[in-house]
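Asks: Okay, here's the structure, questions in a sec.
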Amino acid sequence: MNFFHLQPAEWQALALTVKVAAAALLVALPLAVLVAYLLARYRFPGHGIVNALVHMPLVLPPVVTGYLLLLAFGRKGPVGAFLSETFGISFAFNWTGAALAAGVMAFPLMVRPIRISFEAVDPKLEAAAKSLGAHRVVAFLTITLPLAVPGILGGAILGFAKAMGEFGATITFVSNIPGETRTLALALYTATQTPSGDLAAFRLTLIAAVVAFAALIASEVFARRLRRRIGGDHD
């Protein structure tokens, strides 16, 4: 067998990984931007608690996060049962659950650089826009958000990379189901547990490394072009 010839199950795991990571990023990034902006611009009662809750997935064992998701979004969980009965949405043992787990684990990695980017934008620019009659939302969309784009892009890169490699919360929440929840990380784990799976495990490791490296290079090129366009990078 050709070492570089991917088996159908491996192609399936790779495609599912990209699908899960993209869905996680699509849903989590707008929320991360909102939360980062609130934490950067406002001081409100419970600010420290909100900040701690946002970063909890970084310090909790991923298995704990996965178990909490199972309790909340499982078929018998309060949120999961409500979504299933009301909207027909199911997360447990489904690829959407894998995307949810990946999004939760990636969320704090997105919030941190985005928050720092918002904090670097001078609030006086927004104030000047408002004094000229611009609505708060318009000032945010036309001034603050464009200036924070490099940080948002950095957060998106970190989030996507984390979602691509997420393992612990995923296997705890949605198990390891071929074709449904078995992402690249879970496929690699499965191969390591198989007596004759050394070759497959090594191949999957190389695939994961190549995909991650290509994504980082592409994002760096895009970030440089974007910074030049907005005038933040002249080298």
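The values are calculated or read from the model by the stated rules, or taken from the named source; none is laboratory data. Owing to the predicted nature of the structure, the values given are computational and were not obtained by experimental measurement. So basically every Cβ, Gly included, is an ideal-geometry build from the backbone, and we count neighbours across all protein chains shown. Please note that ligands, DNA and RNA were not included when accessible areas were found on the heavy atoms of the full protein model with its side chains. Shrake-Rupley method; radii C 1.70, N 1.55, O 1.52, S 1.80 Å.
Asks: Which one is surrounded by the fewest Cβ atoms within 10 Å (Cβ to Cβ), of the residues in the stretch 118-128 that are in a helix (DSSP H, G or I) and out of contact with any Phe, Trp or Tyr (no Cβ under 9 Å at 6 or more places or on another chain)?
Replies: So, considering only residues that are in a helix (DSSP H, G or I) and out of contact with any Phe, Trp or Tyr (no Cβ under 9 Å at 6 or more places or on another chain), the one surrounded by the fewest Cβ atoms within 10 Å (Cβ to Cβ) is Lys124.
Asks: Mind counting the residues in the stretch 173-226 that are surrounded by fewer than 11 Cβ atoms within 10 Å (Cβ to Cβ), within 23 Å of the chain's Cα centre (by Cα) and either among the small types (Gly, Ala, Ser) or not in a helix (DSSP H, G or I) (or both)?
Replies: 2
Per-residue answers, yes or no, for (1) open to solvent by 40 Å² or more (accessible area, probe 1.4 Å); (2) over 21 Å from Gly159 (Cα atoms); (3) aliphatic (A, V, I, L, M):
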site	(1), (2), (3)
Phe44	yes, yes, no
Gly48	yes, yes, no
Val59	yes, no, yes
Pro62	yes, no, no
Thr65	no, no, no
Gly80	no, yes, no
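Asks: Scan Arg115, Arg75, Arg43 and give me the residue that is touching a helix residue (DSSP H, G or I) at 6+ places or on another chain (Cβ under 7 Å), assigned to a loop (DSSP other than H, G, I, E, B) and either among the charged types (D, E, K, R) or within 16 Å of Ala163 (Cα to Cα) (or both).
Replies: Residue meeting the stated conditions: Arg75.
Asks: Hey, another quick one. Could you figure out which of (1) in contact (Cβ under 8 Å) with a residue 40 or more places away in the chain; (2) open to solvent by less than 80 Å² (accessible area, probe 1.4 Å); (3) of a type in the set (A, V, I, L, M) isn't true of Ala134?
Replies: Evaluating Ala134 over (1) in contact (Cβ under 8 Å) with a residue 40 or more places away in the chain; (2) open to solvent by less than 80 Å² (accessible area, probe 1.4 Å); (3) of a type in the set (A, V, I, L, M) leaves (1) as the failure.
Asks: Could I ask something else about it? Tell me which residues, restricted to the stretch 78-108, are small (Gly, Ala, Ser), touching a residue at least 40 places away in the same chain (Cβ under 8 Å) and assigned to a loop (DSSP other than H, G, I, E, B).
Replies: Ala92
Asks: Of the conditions (1) more than 23 Å from Leu158 (Cα to Cα); (2) in contact (Cβ under 8 Å) with a residue 40 or more places away in the chain; (3) buried (at least 21 other Cβ atoms within 10 Å of the Cβ), Leu25 fails just one. Which one is it?
Replies: Leu25 satisfies all of (1) more than 23 Å from Leu158 (Cα to Cα); (2) in contact (Cβ under 8 Å) with a residue 40 or more places away in the chain; (3) buried (at least 21 other Cβ atoms within 10 Å of the Cβ) except (1).
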